[in-house]
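The values are calculated or read from the model by the stated rules, or taken from the named source; none is laboratory data. Predicted, not measured: the structure shown is a model, and the values here were computed from it. For neighbour counting, all protein chains shown are included, and Cβ atoms are generated from backbone atoms with ideal geometry for every residue, glycine included. For accessibility, only protein heavy atoms count, side chains too; no ligands or nucleic acids. Shrake-Rupley method; radii C 1.70, N 1.55, O 1.52, S 1.80 Å.
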Amino acid sequence: MKKKLLSIIITCCLLICIAPITTQNVSATTQPVSAIFGGGPFYQGGQSVMNDLRASGFNTVIIWSIHVNANGDLVLNDSLVCSGGNYVGQQAWVTQWATLKTAPTSVNRIEVSIGAWGCRDFENIRDLINSQGTGSSSILYRNFQALKAATGADAVNYDDESCYDVASSVQFGQMCNTLGYKVALCPYTNDYYWSSVKNQLGTSIVDRVYLQCYAGGSSNSPSAWKGYMGMDVIPGLWCLNSSSGGDTASSVQSQLTNWSSSSVGGFMWLYDDMMQLSSPNATADYAAAINNAFSSTPPVGNNLALNATATANQYVSGETPAKAVDGSVINNSKWCSTSTTDKWLKLDLGQTRTISRWVVKHAGAGGESAQWNTKNFKLQKSTNGTSWTDVDVVTNNTASTTNRTVTAFSARYVRLYITTATQTTDKAARIYEIELYN
Ligand SMILES: [Ca+2]
């Protein structure tokens with residue numbers, strides 16, 4: 001039963017929506033966690049996949065999924081990898097995994113995900129611990145020792161979706177820690193179980209809590225789970241895919257920005273889908289989306305848009321284009337356009353400027369309903385004020401403040417072009433401020 005086909009495992013796991021929970025003490029200057037789950041490609045995809053990951057910007061690679069058989073054998077999806085205390089999988093995979101953390105690379109942590117929906121992995125772990133314990137002669141100890149040596153894993157990632165036995169989960173975590181693993185938790189429900197495991201193992205062992213916020217976990221609240229777990233979480237989303245639709249990299253950045261006060265990073269499900277995509281939704285784009293969401297420190301330097309000459313397609317009396325560049329988000333200081341077609345706000349910066357970050361403050365930033373935050377829009381540039389080129393495109397934004405980095409560009413004229421003004425059928429665009437930075 002552990003040797004499920006990968007596709008079945010993926011489907012089941014996605015439908016059930018398990019979110020791994022991980023916690024980390026991260027200071028303001030610490031790199032955010034940016035993690036990516038992957039199945040078959042992470043061992044069968046060859047060196048090219050390893051190289052894609054190393055160049056991606058993701059710092060954590062989660063190999064999904066290790067199953068524990070009743071006799072203690074470890075199976076990577078449908079391939080036996082550890083038996084009798086020895087690694088018995090392909091040697092080529094060991095060689096490839098060893099390159100993940102070899103410079104130049106963005107990867108500094110490897111995790112092995114244990115379990116999945118519909119599998120008895122945690123039941124088998126419980127039964128093996130009850131019969132053999134977790135000492136150095138137990139099969140669990142010996143096989144997880146061999147697994148660590150083969151994969152270079154820094155942590156085991158719990159994906160228990162059925163057993164929920166606190167006592168054996170704690171014993172297993174202590175055993176793994178003895179072997180040099182950290183423990184990452186990946187809940188989507190049953191906060192009592194997950195918080196009990198975390199509290200009994202402690203944060204010196206459980207250093208991350210991931211939280212699935214897609215598919216079955218789409219209603220999960222990072223701030224609520226932060227409360228349950230007593231630590232910041234790492235929410236996860238599903239990239240564009242043929243099963244559920246999924247999120248663009250732009251949408252991932254917006255959602256993670258909204259959750260950033262409860263989070264220490266983000267994770268993406270699933271590389272198997274992502275490898276089919278291309279820019280602006282390639283592997284590196286999703287990693288950048290996570291990193292951008294947590295780089296929203298106050299922009300450095302002067303706001304180049306402040307008091308720029310602003311014009312627009314249309315505006316409501318008193319809510320003029322100039323209100324979007326006056327440096328204020330109080331006292332209704334916004335540009336509002338109620339035209340029913342696409343809307344735009346054009347800035348003349350007076351001279352050619354180099355720009356690498358743009359900020360938009362939507363309705364929610366001015367104290368209005370977040371339902372009126374701009375949904376779909378883009379930043380455009382022009383050297384003559386009449387012909388425009390897209391610089392950056394945002395889709396499905398829900399955040400009250402957009403704060404994005406772009407490849408540096410030079411232009412005298414910049415335009416905010418809005419195609420969907422709100423989250424609702426309301427057609428009015430409400431822009432409290434647009435800011436541009438070098
Ligand atoms: Ca304003």
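Structural remarks
- Candidates N332, N77, N130, ranked by Gaussian network fluctuation over the chain, Cα under 10 Å, top entry: N130
- Most mobile listed residue (Y141, Y286, Y210) in the chain, GNM with C-alpha springs under 10 Å: Y141
- Once both labels are positioned 7 Å from their Cα atoms along Cα-to-Cβ, the gap between S279 and S387 label points is 2.2 nm.
- Probe 1.4 Å, accessible area per residue of the stretch 340-425, Å²: 42 Å²
- Virtual paramagnetic centre 7 Å along Cα→Cβ of N108, amide N under 16 Å, in the stretch 243-270: 264-266
- For a paramagnetic label modelled on A149 (point 7 Å from Cα along Cα→Cβ), amide N atoms under 18 Å away belong, within the stretch 171-186, to 176-181.
- Net charge contributed by nearby residues that have their C-beta within less than 14 Å of T422 (K/R +1, D/E -1): +2
- Length available on full extension from A55 to Q91: 0.36 nm per residue minus the Cα-Cα distance, which gives 10.6 nm.
- Computed extension gain for N302 through S221, at 0.36 nm per residue and net of the alpha carbon distance, reaches 25.6 nm.
- Cut-off under 5 Å, modelled amide H: who pairs with Q314 long-range: W344
- On Cα atoms only, tilt of 249-259 relative to the major axis of the chain in degrees: 80 degrees
- Residues of the stretch 110-125 falling in the label zone of S79, defined by backbone nitrogen less than 19 Å from a point 7 Å along Cα to beta-carbon, are 110-116.
- Set of lysines with alpha-carbon distance to K427 below 26 Å, sequence-local pairs under 8 removed: K323, K334, K343, K346, K361, K375, K378, K381
- Once the Cα atoms are used to define both axes, helix 6-16 deviates from the longest principal axis of the chain by about 60 degrees.
- Charge dipole (debye, nearest 20) of the chain; +1 at Cβ of Lys and Arg, -1 at Cβ of Asp and Glu: 820 debye
- For T424 and S136, a Förster radius of 60 Å and the Cβ-Cβ distance give a FRET efficiency of 0.50, rounded to the nearest 0.05.
- Other residues with beta-carbon under 15 Å from the beta-carbon of A149 carry, at +1 per Lys or Arg and -1 per Asp or Glu, a net charge of +2.
- Selection from W372, T60, A70 lying farthest towards where the dipole of the chain points positive, charges on Cβ: W372
- Computed extension length for T311-T352: 13.0 nm, one decimal, from 0.36 nm per residue of separation with the Cα-Cα distance subtracted.
- N313 sits among other residues whose Cβ lies under 11 Å from its own Cβ, and their net charge, with Lys and Arg +1 and Asp and Glu -1, is +2.
- Element breakdown for the chain at a 1.4 angstrom probe: carbon and sulfur atoms account for 47% of the accessible area.
- Accessible area per residue, Å², the stretch 6-293 with all protein chains present, probe 1.4 Å: 33 Å²
- Relative packing of peptides 101-111, 426-436 - highest average C-beta neighbours within 10 Å first: 426-436, 101-111
- Taking every lysine pair in the stretch 6-293 that is 8 or more places apart or spans two chains, those with Cα atoms closer than 21 Å amount to 6.
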